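Q: Take this structure first; my questions come after.
The values are calculated or read from the model by the stated rules, or taken from the named source; none is laboratory data. Just so it is clear, the structure is predicted and the values come from calculations on it, not from any experiment. Cβ: placed from backbone, ideal geometry, glycine included. Neighbour counts: every protein chain shown. Just so you know, the surface numbers come from the protein's heavy atoms only, side chains and all, with ligands and any DNA or RNA stripped out. Shrake-Rupley method; radii C 1.70, N 1.55, O 1.52, S 1.80 Å.
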Amino acid sequence: MLIRALHDEGVEYVFGYPGGAALHIYDAIFRQQEVKHILVRHEQAATHAADAYSRATGQVGTVLVTSGPGATNAITGIATAYMDSIPMVVISGQVVSERIGEDAFQETDMVGVSRPIVKHSFMVRDQRDIPEIVKKAYYIAATGRPGPVVIDVPKDITNPFDTFPYEYPEKVKIRSYTPATRGHAGQIKKAVQLLIEAKRPVIYAGGGVVQGNGSELLTELARKLNYPVTNTLMGLGAYPGTDRQFVGMLGMHGTYEANMVMHHADAILAVGARFDDRVTNAVNKFCPNAKIIHIDVDPASISKTVTADIPIVGAVDSVLTDMLALVNESDEVPDAGAIKNWWQQIEEWRDNHGIYVAPRYQQAESGKIMPQDVIKTLHEVTKGDAYVTSDVGQHQMFAAQYYLFDKPRRWINSGGLGTMGFGLPAAMGAQMADRDAVVACVTGEGSIQMCIQELATCTQYHLPIKIICLNNQALGMVKQWQDMQYGSRYSESLYEDSLPDFVKLAEAYGHVGIRVTKKEELKAKMEECFAMKDRVVFMDIAVDNSEHVYPMQIAGASMRDMWLSKTERT
Amino acid sequence: MRRIISVLMENEPGSLSRVVGLFSQRGYNIESLTVAPTEDETLSRLTLTTIGDDHKIEQITKHLNKLIDVVKLVDLTEGAHIEREVMLIKVKAAGAQRAEIKRCVDIFRGQIVDVTASLYIIQITGTSDKLDAFLQAVGDASILEVVRSGVSGIARGEKVLSL
Ligand SMILES: Cc1ncc(C[n+]2csc(CCOP(=O)(O)OP(=O)(O)O)c2C)c(N)n1
Ligand SMILES: [Mg+2]
């Protein structure tokens, strides 16, 4: 009944791992063809893969795990999806109803354990409720501010010998849940007025624009107004990265020009972004002269950390459509002189310290490959059109800075939780979403070891992803902080020659391994890697291990206060 | 500032733990909490008192509203309202104390609901302030046990919190 409900819901893939409490469900999977199951090697990977599948397609990802350890292994992935507002349904097996509460074998209170990291959860108490609960779960996961939903299913509930009349509901109505749709017309009008009158405006777009399918509308609005746009780490691709109006990512490792634009702006249009602490730096020094318009589908995101002058609660696409209509109808236009001056100022910032007009990093004296150059080469070789998943660390920031995403849903990373181990399973999910696409996982030698077992899953399902490992032989991001704040005392951020031979490791799983140590070989080897269209290729690239990610905002200060290199600051 | 938030929510297993969890997860404190089913048995009414500035209270109400089980809520302290709390208190009452305590109970319009040779059980209803004042009047020395129900509240006038 459960699998039938999933099929009726339109679920194509389930990422999961079997176990006792889920065996009735697994037997049902075996006896049908429609819903396909992807067997991962660790439940965490199932959640990340389903999560990335969702990020790439906009559909709800589905996970199936057993009770106890299966459920707890899924927790990190649920938390990752929760922090980035990704729609996902996690079905967990549970011990039989009568044993619940007795510390039965493999019993964990999954509803309780997952409570703070789900949008909602269900415990199924009656078989007859399955269709309605499944329908509700997908509806809740996908609408409003999306998020993960858990369905905990005691084993007796899926007993195949109990049969019931089955009907899948066409619609659900939940009286206590009415996600916001259209924005308030009066507020939208005020916002447009403020925008048009602005002299130093900026559009600050977050993951909500990607998730809410607002990229095209946002791009149209920005072009119409000729205003600069900055994307958050989660919003990369919401506005085309190679466009002239794009000033780069903002925040802790944002570009100089993006952070300067924000700090000096007199009007900020924040769309589907949440003024995260990695964006604002010290909140009390944040953008002192700006009036803030904040569009978000979640009222609780608005004025949470930074107070909005014009809050607009609504779905991003709907609100942007309304705004665009007003801008198009309006007799008033932005002050051309002021906007021209503003762009002149921005160009000056770009010329001084922008990372896209000139390289702002030195080549290593050792002659080692610079990590930034790896990402630039990746962009070149994949023509800027790959799905790029990432792990967490310096390599993630280099990828965010240097792979200029022109399309939404191409950049897949754990922004909110910062989960090492996300990259490889996420690449599998993205490849499942688009079997012909080029998928690259940018990772570090630290992160990749957190879900390395998934190389076997890639073999089983022929997922020819490319792993671009920026091997700096260290937990680089940790080491960078230790350099900057702890007198270079590298407490537990080095591995002392314990790294595996990644080439051999890849080969052991039946894949191709390529080691790159010389600058001159980088491009040719990368081309060789991406030419192997139907193979998994692990590129182990030795990069300079003393490099830091810059710019880097100075803690406790305003957005414009940044380190630009090891010695230079604003 | 002290606020009384009244929540109408689905009477389902797990609903209450979501509300309580939200408070601990986001670092809000709960001063008191009462919950019971309403005349519509699919709904529960929960009243909680908390302390915070306007910003914090706005966040609390927004997050409560986000919970799928929460149907509606109101911050009663925003308008005219009636609040009540019930207190049961067991006090030593022997000799001259008996008359004294009895007088105190009358002043506060409480009732003595159980008596032994050496103690009274008193029931008092009113605002939390009144209950506090009674406790002070009786004095720590006589108090053996105190049970308070937590605050319940309802808006004055036409305003109704229902489906
Ligand atoms: C699961 C998990 N544990 C710890 C951290 C803290 N952390 C953030 S970055 C980092 C280092 C990552 O090292 P590596 O993957 O080699 O990337 P690099 O920074 O060297 O590019 C660590 C340990 C984390 N983000 N996630
Ligand atoms: Mg590393």
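Q: Starting from the Cα coordinates of the stretch A:454-570, work out the convex hull volume and express it per residue in Å³.
A: Hull volume normalised by residue count: 155 Å³.
Q: Sorted by packing (mean other beta-carbon atoms within 10 Å per residue), highest first, where do A:301-313, A:434-446, A:480-492, B:71-83 land?
A: Ranked by mean Cβ neighbours within 10 Å, highest first: A:434-446, A:301-313, B:71-83, A:480-492.
Q: I've got another one for you. For a distance above 25 Å, tell me the whole-number percent of Cα pairs in the stretch A:371-549 that qualify.
A: 26
Q: Something else now. Mind checking which aspartates and glutamates have their Cα closer than 16 Å to the Cα of A:LYS383? Skip sequence neighbours fewer than 8 apart in that chain.
A: Qualifying aspartates and glutamates at Cα under 16 Å: A:ASP243, A:ASP373, A:ASP406, A:ASP436, A:GLU527, A:GLU528.
Q: What's the center-to-center distance, using Cα atoms, between the stretch A:268-291 and the stretch B:76-128 in Å?
A: Centre-to-centre (Cα) distance: 53 Å.
Q: Rounded to a whole number, what % of the accessible area of chain A do carbon and sulfur atoms account for, probe 1.4 Å?
A: Its accessible area is 50 percent carbon and sulfur atoms.
Q: Is the shape of the stretch A:185-353 rounded, prolate or oblate, going by the alpha carbon gyration tensor and its root eigenvalues a ≥ b ≥ c, with a/c under 1.5 for rounded and a/b larger than b/c for prolate?
A: Rounded, because the longest to shortest axis ratio a/c is under 1.5.
Q: While we're looking at this one, here's another question. How much area per residue is accessible in the protein assembly as shown when the probe is 1.4 Å and only protein heavy atoms are counted (Å²)?
A: Computed with neighbouring chains in place, this is 42 Å² per residue.
Q: Follow-up question, since we're still on this one. Give me a single rounded figure for B:145-157: the average over its residues of other chain Cβ atoms within 10 Å of their Cβ.
A: Mean shielding by partner chains, rounded to a whole number: 0.
Q: Also, quick follow-up: Amide H to amide H, which residues 5 or more places from B:HIS81 or on other chains are under 5 Å from it, using H placed in the peptide plane?
A: It is B:ARG156, by chain and number.
Q: Using C-alpha positions alone, give me the convex hull volume of the stretch A:116-167 per residue in cubic angstrom.
A: 72
Q: Quickly estimate the mean residue ellipticity at 222 nm for the protein assembly as shown, helices only: each DSSP H run with n ≥ 4 gives -39500 (n - 2.57), and the total goes over all residues, rounded to 500.
A: So the helix-based figure for the protein assembly as shown works out to -10000 deg cm²/dmol.
Q: Need the per-residue list for the stretch A:264-300: every residue with at least 40 Å² less accessible surface in the complex of protein chains than in the chain by itself, probe 1.4 Å, sorted by number.
A: A:ALA300
Q: How high is the FRET efficiency from B:GLU39 to A:SER97, r the C-beta distance, R0 30 Å, rounded to 0.05?
A: 0.50
Q: Under the rule of at least 5 residues apart or a separate chain, name every residue whose amide H is placed under 5 Å from the amide H of A:HIS37.
A: Residues meeting the criterion, in which the H sits 1.01 Å from N, are A:VAL14.
Q: State the Kirkwood hydrodynamic radius of the stretch A:308-446 in Å, one decimal place, computed from all pairs of distinct Cα atoms.
A: For the stretch A:308-446, inverting the mean 1/r across all distinct Cα pairs yields 18.5 Å.
Q: With each pseudo-label sitting 7 Å past Cα toward Cβ, what's the A:ALA557-B:ARG26 distance in nm, one decimal?
A: 3.3
Q: Right, next: When the chain is fully extended, how far beyond the present Cα-Cα distance does A:ARG128 get from A:THR307, taking 0.36 nm per residue of separation?
A: Extending this stretch completely gives an extra 59.8 nm.
Q: I'd like the Kirkwood hydrodynamic radius of chain B, using the inverse of the mean 1/r over distinct C-alpha pairs, in Å.
A: Its Kirkwood hydrodynamic radius stands at 17.5 Å.
Q: Using 7 Å Cα-to-Cβ label points, what is the B:ILE107/A:ASP109 separation (nm, one decimal)?
A: Simple spin-label model gives 4.6 nm for this pair.
Q: Same structure, new question: Which FRET efficiency value, to the nearest 0.05, do you get for B:ALA80 and B:VAL147 by plugging their Cβ-Cβ distance into 1/(1 + (r/R0)^6) with R0 = 30 Å?
A: Efficiency, from the Cβ-Cβ distance: 0.55.
Q: Rounded to whole Å and sorted largest first, list the principal axis extents of the Cα atoms in the stretch B:2-79.
A: Here the Cα extents, ordered largest to smallest, are 34, 28, 20 Å.
Q: Relative contact order for the stretch A:146-285 using alpha-carbon pairs under 8 Å, separation at least 6, rounded to a whole percent?
A: 24
Q: A follow-up question, please. From the Cα trace of the stretch B:82-152, what convex hull volume per residue do you get, rounded to a whole Å³?
A: About 73 Å³ per residue, rounded to a whole number.
Q: Another question about this same structure. Identify the residues of the stretch A:455-497 with backbone N under 14 Å of a label point that sits 7 angstrom from the Cα of A:LYS504 along the Cα-to-Cβ direction, or state none.
A: Label zone hits: none.
Q: Can you pull a Stokes-Einstein diffusion coefficient for the protein assembly as shown at 37 °C (0.692 mPa s), Rh from Kirkwood over Cα pairs, as a whole number of µm²/s?
A: 116
Q: What whole-number distance in Å separates the alpha-carbon centres of the stretch A:25-56 and the stretch A:422-474?
A: 17
Q: Counting only DSSP beta bridges with both residues in the protein assembly as shown, what percent are antiparallel, rounded to the nearest 5?
A: Bridges in the protein assembly as shown that DSSP calls antiparallel: roughly 40 percent.
Q: What's the extension gain from B:ASP129 to B:HIS55 if we count 0.36 nm per residue and subtract their Cα-Cα distance?
A: 24.1 nm
Q: Would you kindly calculate the translational diffusion coefficient of the stretch A:336-383, applying Stokes-Einstein with the Kirkwood radius from alpha carbon pairs, for 10 °C and a viscosity of 1.306 mPa s, and quote it in µm² s⁻¹ without decimals?
A: 121
Q: Starting from the 7 Å offset along Cα-to-Cβ, what nm value, one decimal, do you get for the label separation of A:LYS285 and A:ASP335?
A: Spacing of the two 7 Å Cα→Cβ label points: 2.8 nm.
Q: Something else: Which Cα, out of A:LEU320, A:SER488, B:VAL147, lies furthest along the positive dipole direction of the protein assembly as shown (beta carbon charges, K/R +1, D/E -1)?
A: Farthest towards the positive pole: B:VAL147.
Q: Okay, moving on. Amide H neighbours of A:HIS184 under 5 Å, at least 5 residues apart or on other chains, H built in the peptide plane: list them.
A: A:VAL313
Q: Give the relative contact order (percent, whole number) for chain A; include only Cα pairs under 8 Å separated by 6+ residues.
A: In percent, rounded to a whole number, it is 14.
Q: Pairs to check: A:LYS291/A:LYS376; A:LYS224/B:LYS72; A:LYS224/B:LYS56; A:LYS407/A:LYS523; A:LYS119/B:LYS130. Give those whose C-alpha atoms are more than 30 Å from each other in this structure.
A: The pairs that break the limit, which is 30 Å between Cα atoms, are A:LYS291/A:LYS376; A:LYS224/B:LYS72; A:LYS224/B:LYS56; A:LYS119/B:LYS130.
Q: Where a ≥ b ≥ c are the square roots of the eigenvalues of the C-alpha gyration tensor, would you call the stretch A:2-158 rounded, which needs a/c under 1.5, or, failing that, prolate if a/b is larger than b/c, or oblate?
A: Since a/c stays below 1.5, the shape of the stretch A:2-158 is classed as rounded.
Q: Along its three principal axes, how long is the stretch A:67-121 when you only count alpha carbons? Whole Å, largest extent first please.
A: For the stretch A:67-121, the Cα extents along the three principal axes come out at 35, 18, 15 Å.
Q: Rounded, prolate or oblate: pick one for the stretch B:1-47, where a ≥ b ≥ c are the square roots of the eigenvalues of its C-alpha gyration tensor, a/c under 1.5 means rounded, and failing that, prolate if a/b is larger than b/c, else oblate.
A: Since a/c reaches 1.5 but b/c is at least a/b, the shape of the stretch B:1-47 is classed as oblate.
Q: Alpha carbon centre of the stretch A:119-169 versus the stretch A:510-570: separation in Å?
A: 44
Q: Next up: Rounded to the nearest 10 degrees, what's the angle between the helix B:96-107 long axis and the longest principal axis of chain B, both from Cα atoms, 0 to 90?
A: 40
Q: Let me ask something else about it. Within the stretch B:63-122, what whole-number % of the accessible surface is contributed by carbon and sulfur, with the 1.4 Å probe and all protein chains included in the calculation?
A: That share works out to 55 percent.
Q: Taking the Cα centre as origin and putting +1 on Lys and Arg beta-carbons and -1 on Asp and Glu beta-carbons, what dipole magnitude results for chain A, to the nearest 20 debye?
A: Computed about the Cα centre, the dipole is about 740 debye.
Q: Let me confirm one metric for peptide A:174-187, namely the mean number of other chain beta-carbon atoms within 10 Å of its residues' beta-carbons.
A: 2
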